[in-house]
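I have placed the structure first, in the form of structure tokens, so that the comments after it can refer back to it.
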Amino acid sequence: MHTIRILENMEKKHDYLICIDSDGCVFDNMGLKHKECFCPATINCWDLQAVSGYAREAAEFVNLYSRTRGTNRYPALVRTLELLGEREEVRRRGYRTPNLNPLKQWINDTETLSITSLREHIKIYNDPILQRTYRWSKEVDENIEKIVRNVPPLPYVRETLRKISEYADIVIVSATPHEAIVREWTEHGLISFVNEVAGQELGTKQACIAAANTGGRYDKDKVLMIGDAPGDLDAARANGVKFYPIIPSKEEYSWERMLKDISERFIKDEYTAEIEALYTEEFFSVLPINPPW
């Protein structure tokens, strides 16, 4: 059983800690996962066949092309179904957003947004919406296991990991299930650079960063979160640590900059708040809040 104690008990080997997201950050697999794995499961399990094009548009906006990019799958599902139900074209075709209150309640109450937690909750509250959510989540995972393979790390990732592992402890902090993270990082020979893996089962990204820095064993100025989603930035800010964005559609450029510039600045304590703010502004410029329709 993977618990957050794994991070709390992690052996400190260096003075610096770098936390790194996985999907869409290290691997250019976000589009593949959402377009080929999540969307088909959403259309199938939530009976969206009659509005499939709109459903796909809503799901892709929520998960890939907006400020909610990288959100855990369960809140993202709620946002997708509600956004879909707001469109007049969709309503004219007879779709109405189902009552998602049981799902929202679980999202608010659970300690970990994982399929394991959902399954345990269903044993107590056997609600049809929760059952449907479980079937959907299971189908997503089955699709990912079947479809997602042979997606190598982005250019400059391997060289960056090799470089930063010489002076920093590295923790994967991701909303992806643990098993999928380990499978993908192992497949491409990256797992050896990593001290610990924190998937969705361990809790929120904010909690995982905090646990990795239990007792303030790393100076906050020596902790960096690398991610491609606003949630990664929020997790870093909540812990008072630094953030470096892998900018959607500019991933290769972002990693080259990390390898050749930011890694040097960080080790010399020269990755300043002003530089971080500049890159964060660039990051937000490609992620709108409201949908274009």
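Taken along its principal axes, the alpha carbon cloud of the stretch 30-147 reaches lengths of 38, 30, 25 Å, longest axis first. Of the GluC sites (Glu not before Pro) found in the stretch 1-61, those that fall in a DSSP loop while having at most 13 other beta-carbon atoms within 10 Å are Glu11.
Hydrophobic long helices, here whole DSSP H runs in the chain with Kyte-Doolittle means of at least -1.0 and Cα atoms spread over 18 Å or more along the helix axis, are found at 73-86.
May I ask you to work out the translational diffusion coefficient for the stretch 230-286 at 20 °C, viscosity 1.002 mPa s, via Stokes-Einstein with Rh from the Kirkwood sum over Cα pairs, reported in whole µm²/s?
183
From the residues Leu233, Ser192, Ala273, which one has its Cα farthest along the dipole of the chain in the positive direction, the dipole being from +1 and -1 charges on Cβ of Lys/Arg and Asp/Glu about the Cα centre? Farthest along the dipole direction, towards plus: Leu233.
Using alpha carbons only, the radius of gyration of the stretch 181-261 set against its Kirkwood radius gives Rg/Rh = 0.97. Dipole of the stretch 30-147 computed with +1 at Lys/Arg Cβ and -1 at Asp/Glu Cβ about the Cα centre; of Trp106, Gln49, Ile122, farthest Cα towards the positive end is Gln49.
Descending by average beta-carbon neighbour count within 10 Å, the peptides 179-191, 157-169, 277-289 line up as 157-169, 179-191, 277-289, the highest first.
At q = 0.07 Å⁻¹, work out log10 I(q)/I(0) for the chain with the Debye formula, treating every Cα as an identical point scatterer and leaving solvent out; two decimals please. Per q value, in the given order, log10 I(q)/I(0) is -0.26.
Each Lys and Arg adds +1 at its Cβ and each Asp and Glu adds -1 at its Cβ; summed about the Cα centre, the chain shows a dipole of about 740 debye. Summarising the strand pairing of the chain, around 5 percent of its internal DSSP beta bridges are antiparallel. Under 17 Å from a label point 7 Å along Cα→Cβ of Asn9: give me every residue in the stretch 160-197 with its amide N that close. Taking a point 7 Å out along Cα→Cβ of Asn9, the residues of the stretch 160-197 whose backbone N falls under 17 Å are 195-197.
Only Cα pairs under 8 Å and 6+ residues apart enter the sum, and on that basis the relative contact order of the stretch 1-151 stands at 26 percent.
Each Lys and Arg adds +1 at its Cβ and each Asp and Glu adds -1 at its Cβ; summed about the Cα centre, the stretch 30-147 shows a dipole of about 180 debye. Each Cα pair under 8 Å and six or more residues apart adds its sequence gap; the mean of these over the residue count of the chain is a relative contact order of 29 percent. Quick check for you: which residues of the stretch 113-148 have the amide N under 12 Å from the point 7 Å beyond the Cα of Gln105 toward its beta carbon? From the stretch 113-148, the list is 122, 124-130. Dividing the helix sum by the residues of the chain, where each DSSP H run of 4 or more adds -39500 (n - 2.57), gives a mean residue ellipticity at 222 nm of -14000 deg cm²/dmol.
Read-outs throughout are calculated quantities, based only on the coordinates presented, and are distinct from any laboratory measurement. In this text, all values refer to a predicted model and were calculated from it rather than measured experimentally. Cβ coordinates were reconstructed from backbone atoms using ideal geometry, including for glycine residues, and neighbour counts include every protein chain displayed.
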